[in-house]
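Notes follow the structure.
Values in this text are rule-based calculations from the coordinates and carry no lab data. Note that the coordinates shown come from a computational prediction; the quantities given were computed from them, not determined experimentally. Heads up, the Cβs are rebuilt from the backbone with ideal geometry, glycines too, and the neighbour counts pull from every protein chain shown.
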Amino acid sequence: SRGFGSRNLSEDEGGVMEYTRRRHRYLGEYVHVDVSDQFSAFGKWTVSLIYFAFWVFLMFPNWFLPIGRPGIALGGGLSMVVWRFVLLVTGHGPFFDAEKVIILEPLFLLFGLMLTTIYLEKMERGGLFDKLRDSLDDPVNWKRSLKIMLMSTIGSAAVMNDSVVLIFSAVVVDLCVRHKVANSMPYLLSLATTANIGSALTLTGNPQNILIVSLAYDDIGWLEFAGNMFLPVTAATLINGIIMFIYYGAELFPGSSGIGQGMGIVFAGQRTPEMLAQEHAYYARQAAANEGKHEEEVSHGWSLWSRIQVAIVLTFLVCFAAGLDVCVTSIAAGAILMCIASYKRQHYDPRPVNTEYDADGNPLPVKKTYDMDGNEIQPEEEELVTESETTLTEVDYGLLMLFMGQFTLIGSFNDTGVPQAFFN
């Protein structure tokens with residue numbers, strides 16, 4: 001029976017190098033075959049021209065039509081498939097198997113992580129994500145920025161930087177509005193920069209990492225990857241934080257006289273009069289917002305659903321660390337959260353109220369309908385809204401289209417041998 005084999009296949013199997021992990025070698029997937037000698041000069045130049053044209057379109061997506069990057073990438077991939085068929089028919093190029101160049105692992109991982117993060121956010125008002133949002137609030141500007149950095153770094157390493165930025169960018173803007181911040185750039189950059197840096201820590205942090213690991217020669221474990229990246233990510237995070245605090249010192253340390261006093265504020269707990277005024281105003285707003293509320297409304301206890309979310313997230317990370325397939329783990333976590341959310345909505349959430357009111361705010365009686373014989377027609381029982389009509393519509397399917405189109409473009413361009421010749 002066939003085993004995993006060495007890096008190079010045997011002469012009987014073609015002698016081609018496999019750009020895959022051992023399991024992909026065993027299954028015969030993602031095998032790179034050099035077909036550049038089957039292209040004519042015309043075929044190589046035209047394929048390269050199509051690739052670079054759509055690369056420019058992707059860099060500047062609003063130059064011509066507001067299609068967006070996913071539509072441009074998908075259009076580029078389809079254009080490449082059609083043109084490769086024309087080259088095949090005219091004898092200027094080989095057969096192009098577009099399915100083979102689409103690497104599935106990053107797509108599976110993207111879908112699973114988007115599904116998981118969306119259900120963590122949407123399952124319950126006041127749930128796990130809302131508690132994370134509340135934990136970012138702070139009357140002190142530099143502490144609020146630091147909390148955003150820490151949350152973004154850890155969150156992007158655990159799930160994916162795209163999801164973290166997509167979900168928490170609105171939270172950061174809301175915090176800026178709540179604190180009447182004149183310049184929101186320091187806080188948004190705190191989120192964006194650390195999301196990119198933190199995502200480098202794990203192989204599930206961003207699509208590029210899982211793509212590289214999918215095409216690596218050897219198996220790379222989740223913990224092994226994180227261990228190798230811990231020091232560079234930590235160093236980059238510290239450098240990024242220092243640069244942010246220095247460059248935006250006026251906004252993050254209001255009233256400070258410079259870097260020296262800023263260091264005293266961070267390490268010695270000093271306060272400027274402007275910072276003290278901000279803190280007093282913050283606590284006054286908190287007291288006014290909680291005034292008149294019952295104790296249950298003010299308390300921030302953990303509900304059953306929040307505890308379930310935490311348990312699933314911890315299990316999800318343990319499975320990653322234990323070496324289970326990250327794609328299967330992420331999709332399974334999203335599917336479990338979907339089932340729990342639908343069960344909660346069916347049996348625990350209150351039914352939507354469709355009562356109509358008059359101009360004075362008084363409820364109107366339910367309208368009755370009658371058949372031709374004057375008998376009242378009983379209204380049909382309302383069907384429950386399904387997950388495919390609600391939360392599943394929020395998955396960013398355009399991002400999956402973007403990757404599929406880019407895989408097709410790059411795969412065809414690689415067939416020409418032009419990029420290999422350039423780097424050699």
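Overview of values
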| read-out | value |
| --- | --- |
| Debye, to nearest 20: dipole size of the range 100-216, +1 on Lys, Arg Cβ, -1 on Asp, Glu Cβ | 180 debye |
| Distance in nm between pseudo-label sites at Glu279 and Val89 (7 Å out along the Cβ direction from Cα) | 7.5 nm |
| Reach of Lys100 by Cα under 23 Å, taken over lysines that are not fewer than 8 positions away in the same chain | Lys44 |
| Net charge contributed by nearby residues that have their C-beta within less than 15 Å of Arg84 (K/R +1, D/E -1) | -1 |
| Contour minus Cα-Cα distance for Asp37 and Asp358 (0.36 nm per residue) | 107.8 nm |
| Span from the the range 36-52 Cα centroid across to the the range 79-124 one, whole angstrom | 21 Å |
| Charged-residue dipole, Cβ positions (Lys, Arg, Asp, Glu), the range 306-424 about Cα centre, Debye nearest 20 | 820 debye |
| Anchor Lys180: lysines whose Cα lies under 28 Å away (excluding residues fewer than 8 positions away in-chain) | Lys122, Lys131, Lys143, Lys147, Lys293 |
| Asp134-Glu99 pseudo-label distance in nm [points 7 Å out on the Cα-to-Cβ vector] | 5.1 nm |
| Inter-label distance, nm, simple model (7 Å from Cα along the C-beta direction), Gln420/Tyr397 | 3.7 nm |
| Extension gain, Val82 back to Val385 (0.36 nm per residue minus Cα-Cα distance, nm) | 105.0 nm |
